[in-house]
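First the structure, in the form of structure tokens, and then the observations on it.
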Amino acid sequence: MNFYSWRQIMEFSNKKILITGGSAGIGKALVREFSEREVTDIAVMGRSGEKLDELEKDFPSVHFLKIQGDVSQPEDIKDAVNTVKEQWNTLDILINNAGVVSAGPLEEISDEDVISQVNINLTGLILMTKYFLPLLKQSKNGAIMNISSGLGYIAMPFYSVYAATKAAVKHFSESIRRELIHYPIHVMTVYPTATDTSMMQSAGVDPDNMDTPEEVAKASLEGLIDKRIEVILGGEKRKEDIQLNFNAPLKMDKKVENAFKSLQKRTATHRSM
Ligand SMILES: NC(=O)c1ccc[n+]([C@@H]2O[C@H](COP(=O)([O-])OP(=O)(O)OC[C@H]3O[C@@H](n4cnc5c(N)ncnc54)[C@H](OP(=O)(O)O)[C@@H]3O)[C@@H](O)[C@H]2O)c1
């Protein structure tokens with residue numbers, strides 16, 4: 001249990017927050033961070049009702065709005081909006097975190113996994129934002145936090161579909177931030193690198209080389225408090241690589257080529273849908 005400063009607590013005081021995929025991994029760590037800052041009203045949307053039920057046991061101080069639904073289904077999103085309207089009639093922070101991954105050589109990724117990755121990681125995030133905007137626009141101090149990925153900045157081989165969805169999240173966030181410039185809605189994008197969650201269980205990455213979901217969640221909340229437009233995990237080295245990829249993409253190709261064989265091997269089984 002962490003103890004936070006008055007500023008950290010006041011920033012989120014009385015806020016109504018919705019987190020997609022708040023029932024596991026980074027999303028659940030975000031729930032923990034908010035609950036430690038005394039937030040009491042959190043809506044969580046996810047497909048598994050059991051995982052949503054566990055939240056109540058794990059965070060007894062939070063009044064959860066449990067929304068069983070799939071962000072890739074527009075009807076589920078509209079139902080979620082109706083639930084939030086009925087229960088709260090307001091929303092201050094929307095966190096689009098739900099995501100899935102299916103890696104491997106493109107020809108070997110099933111059509112279903114291609115379509116689902118796009119529908120969950122991107123279309124769902126866009127439709128969630130679209131349908132919750134009317135409520136967010138009524139907030140005096142609102143925010144949208146979109147969870148992209150380090151692969152949204154630097155695409156790696158064998159993550160073609162996933163990386164495409166995450167790069168699209170980056171651009172969507174940028175566009176919507178500029179579109180909402182006249183509203184008090186802060187838009188921030190988070191770029192985690194490998195993080196030790198169930199999504200990475202089949203990825204063959206040593207947990208010692210991953211961030212914890214708590215580290216990602218902490219950095220994200222600090223980013224929100226500081227009104228940053230992006231939070232990039234992975235330290236200074238990652239920021240240098242992003243610059244290299246932008247300024248000299250062919251040099252980055254060479255760097256990535258050195259890791260080709262090991263990436264090919266470890267992504268062959270990486271699937272979390
Ligand atoms: N872990 C990493 O290394 C890493 C790195 C960079 C970016 N990210 C991104 O961070 C976000 C969270 O990832 P994570 O590692 O925390 O994943 P995770 O542990 O697998 O958790 C994913 C969460 O999303 C929910 N979810 C998945 N599909 C959904 C759908 N169609 N509709 C509603 N909820 C859905 C899951 O609940 P249900 O299964 O019950 O629906 C679960 O609560 C994702 O967007 C991911 O792409 C992760």
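The values are calculated or read from the model by the stated rules, or taken from the named source; none is laboratory data. Treat the numbers as computed from the prediction; the structure is a model and nothing was measured. Neighbour counts run over all protein chains shown; Cβ positions are idealised from the backbone, glycine included. SASA here: full protein model, heavy atoms, side chains in, ligands and nucleic acids out. Shrake-Rupley method; radii C 1.70, N 1.55, O 1.52, S 1.80 Å.
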Quick one: which helices (runs of 4 or more DSSP H) sit completely within segment 3-62 and have at least 1 residues that are basic (Lys, Arg) and under 19 Å from the mean Cα position of the chain (by Cα)? 25-36, 49-58
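Select from segment 65-92 the residues that are away from the ligand (no atom under 16 Å from the Cβ) and open to solvent by less than 50 Å² (accessible area, probe 1.4 Å) and list them in ascending order.
The first filter runs over segment 65-92 and keeps only residues away from the ligand (no atom under 16 Å from the Cβ), leaving 82, 85-92.
Matches in segment 65-92: Trp88, Thr90, Leu91, Asp92.
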Can you tell which of Thr189, Thr193 is near the ligand (Cβ under 8 Å from one of its atoms), modelled with pLDDT of 95 or more and not in a helix (DSSP H, G or I)? Thr193
Need pairs with beta-carbon distance below 8 Å; first residue within 14 Å of Gly142 (Cα to Cα) and within segment 217-238, second of a type in the set (Lys, Arg) and open to solvent by 30 Å² or more (accessible area, probe 1.4 Å); sequence gap 6+ or separate chains. Ile225/Arg7; Ile229/Arg177
In segment 238-255, what residues are aliphatic (A, V, I, L, M) and either surrounded by 16 or more Cβ atoms within 10 Å (Cβ to Cβ) or at positive phi (or both)? Ile242, Met252
Output the residues belonging to segment 95-112 that are within 13 Å of the ligand (Cβ to nearest atom) and assigned to a loop (DSSP other than H, G, I, E, B). Asn97, Ala98, Gly99, Val100, Ala103
Restricting the first residue to segment 96-112 and requiring it to be closer than 11 Å to Val161 by Cβ and at pLDDT below 95, which pairs with a second residue that is within 11 Å of the ligand (Cβ to nearest atom) and not in a strand (DSSP E or B) meet a Cβ separation below 9 Å and a spacing of at least six or different chains? none
Of these, Ile232, Ile181, which one is open to solvent by 10 Å² or more (accessible area, probe 1.4 Å), within 12 Å of the ligand (Cβ to nearest atom) and at pLDDT 95 or above? Ile232
